[in-house]
Every structure is written in C-alpha cells, then in structure tokens.
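First up is the structure itself, then whatever we jot down about it.
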Amino acid sequence: MPFPSSVISTLPSKLSQPTILGFDPGRYKCGLAIVGLDRSLCYHEVVLAEEVIGHIEMLRQTYPISLIVMGDQTGAKIWKEELSKRLNGGPNVILVDERYSSLEARDRYWEMFPPKGLNRILPQSMRSIPRPIDDIVAILLIERYLNKLTEVEI
C-alpha cells in the first residue's frame, strides 16, 4: 500500500442496510469510503488510481453497495464511463459537486484524528497533514449527497 492510511472497516455481518460508496477520483490516487444509510462510517482508504476498479470490485463483494457517489471535477466523465463499463451490472453512479471539498476535508481530518503532542498548540492552518486525504473527501461527498436528499425546500 503506497499511501499510509487509517483504514476503518466494519465487519459486513454487522451491516443490515445498504451502503453508499464514495469515490473521489484523481489521476494518480483516489479516495474511497463506504457509509451506511444511517451515516455510519464503515470504511475509508486512499488507493492508486490504476488499482481502484479492482478495489471497488473487492469492496462490492464485502459490502452491500447500492450506490456510488462520485465527485464531479477531475476526470469525472471518464471515470463514470469506466465504472459503468467495468462494474458490469453495478450500482448507479451519481455525480456530486465537489467544490471546496479538499478544504473541508482538511478540517475533518483534524476532527477525526486530533493532533497529538506539540501539534495541539499549533494553529490548524500551520499543521501539516501526514497523509493524503482523498478518502475523507469521499466521505464528504457521501454526506453532501445525503444532505441534499434530506433538504426541505420552504
């Protein structure tokens, strides 16, 4: 695994609900996350772009993925076509606005992994994140999708 990450995984036997796969596509690396409909985080990881389709296929065997939510920026159209072609009979792919998601992911990183030691006294803007955060972007994309579903227009 070329990217140090904190892989979080929930045993699929505990899942009694469909899940959503979040996919933050990139040229060299991609973020993946799986969230239950109750918004519980089941899994997240950063993988190489060249290995992501195989990784998604493996995740589909482990988790009951009912939908793929993907960012709409970097190569989204090409990735969407590739997913549809390679994941034969796979879940639908929905594009979600991913503007500013990387900035939001930086804040979320520190919520998920609070700084330790002297880093605690540094302002957040001066701390450096020790690993890629594409997986956290994938989590945020799922949250944006679910929030849009539950928005009530007045």
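Relative contact order for segment 96-154: what is it in percent, counting Cα pairs under 8 Å that are at least 6 residues apart?
Over segment 96-154, the number comes to 54 percent.
Around L32, with a cut-off of 9 angstrom between Cβ atoms, what is the net charge of the other residues, counting Lys and Arg +1 and Asp and Glu -1?
On the way: positive: none; negative: D24, E45, D134, D135.
Within the 9 Å Cβ shell, the charges total -4.
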Legend entry - Between helix 134-150 and the chain: long-axis angle, C-alpha atoms, 0 to 90°, nearest 10: 60 degrees
Legend entry - Top positive-direction residue, dipole computed over segment 8-147 with Cβ charges, set H44, I129, L59: I129
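Could you list C42, C30 so that the one with the fewest beta carbons within 10 Å of its beta carbon is first and the one with the most is last? Please list the in-between numbers first.
Numbers: C42 21, C30 29.
Final ranking by Cβ density, sparse to dense: C42, C30.
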Legend entry - Fewest-first ranking of M126, M112, using other Cβ atoms within 10 Å as the exposure measure: M126, M112
Inset, instruction - Taking only Cα atoms and a 10 Å spring cutoff, compute GNM fluctuations for the chain and point out the largest among I136, I65, I121. - result: I121
Legend entry - Residue-averaged 222 nm ellipticity for the chain, from DSSP H runs of 4+ at -39500 (n - 2.57), nearest 500: -10500 deg cm²/dmol
Legend entry - Helix 76-86 axis, angle to the chain major axis (alpha carbon atoms, nearest 10°): 50 degrees
Inset, instruction - Return the long-range amide H neighbours of Y43 (sequence gap of 5 or more, or a different chain), with a cut-off of under 5 Å between placed amide H atoms. - result: I34
Inset, instruction - Mind jotting down the distance between the C-alpha centroids of segment 105-154 and segment 36-82, whole Å? - result: 18 Å
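Please report the antiparallel percentage of the DSSP beta bridges confined to segment 8-147, to the nearest 5.
Around 60 percent antiparallel, to the nearest 5.
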Inset, instruction - Taking the chain as the reference, fit the longest principal axis to its C-alpha atoms, fit the long axis of helix 52-62 to the helix C-alpha atoms, and give the angle between the two in degrees, 0 to 90, nearest 10. - result: 80 degrees
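Express the relative contact order of the chain as a whole percentage, based on alpha carbon pairs under 8 Å and six or more residues apart in sequence. Could you put the intermediate results ahead of the total?
Values: 251 pairs, mean separation 44.5, N = 154.
With pairs under 8 Å counted, the relative contact order is 29 percent.
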Inset, instruction - Rank these for me by crowding, H55, H44, going from fewest to most other beta carbons within 10 Å. - result: H55, H44
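Values in this text are rule-based calculations from the coordinates and carry no lab data. Bear in mind the structure is a predicted one, so any value in this text is a computation, not a measurement. Methodologically, a virtual Cβ is constructed for each residue, glycine included, from the backbone with ideal geometry; neighbour enumeration extends over all protein chains shown.
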